[in-house]
Amino acid sequence: MPSSSTDSSRKHGRRSLIILAIICVAPLVASYLLYYGWRPEGSKNYGELIAPTPVAELESAAAADPQVVALKGKWVMVVVDPGGCPEPCRARLWLVRQLRLTQGKEMDRVARAWVVTDGVTPDPALLAEHEGMVVLKPAQVPGLMSLLEARAARDHVFLVDPLGNLMMRFPKDPDPNRMKKDLIHLLKVSRIG
């Protein structure tokens, strides 16, 4: 009889050791599988994230033009369109103005820039409707222009962070409510700008 109780005791000890090993190893295996194997289907942001790309010339443009200083240290929504500003351009300018206004007390952290792609001077009446909009010529920001053109700049609104990095592109004909949510989220989680 003593041998059967010893065998039973050994089996129980092995079983306990195996269960203990599984409990210890399971979190490690699960974390490995989640890190390397699981990819979430959707993302929280609406705009397309771009690997942050420095736009150093905004600093030099600010030094050369006092109007451009308004962009320094702010979240900048950038529109790229000709100076004649056809209807789609006017819609984008209106959109970025309204998005800024919807930020309430945080709206001072957001600036707007219009890169005029041709030599046409924008209509003063149009500029009066968009007070505070910084108008840039491609010659002032050639590096930004090359970054934007590489990402099909026309028909999109881009976002530059307060550190001067191009970091997001919103889709063509964007949903204003989803853009607003992205901007609110960025302003909420960011302590800069």
Residue match in segment 131-152 (condition: open to solvent by 10 Å² or more (accessible area, probe 1.4 Å), touching a strand residue (DSSP E or B) at 6+ places or on another chain (Cβ under 9 Å) and more than 20 Å from residue 58 (Cβ to Cβ)): yes
Tell me, yes or no, whether segment 23-46 has at least one residue that is surrounded by 10 or more Cβ atoms within 10 Å (Cβ to Cβ), at pLDDT 75 or above and under 30 Å from residue 143 (Cα atoms). yes
Taking the stated definitions as given, is residue 133 at pLDDT 95 or above and not hydroxyl-bearing (Ser, Thr, Tyr)? no
Residues of segment 73-97 classified as open to solvent by 50 Å² or more (accessible area, probe 1.4 Å) and either among the aromatic types (Phe, Trp, Tyr) or closer than 18 Å to residue 165 by Cβ (or both), total: 2
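The values are calculated or read from the model by the stated rules, or taken from the named source; none is laboratory data. Note that the structure is a prediction, hence the values are computed from the model and not measured. Quick reminder, even Gly has a Cβ in these numbers, built from the backbone with ideal geometry, and neighbours come from all protein chains shown. Note: accessible area is taken over every heavy atom of the protein model, side chains too, but ligands, DNA and RNA are not part of it. Shrake-Rupley method; radii C 1.70, N 1.55, O 1.52, S 1.80 Å.
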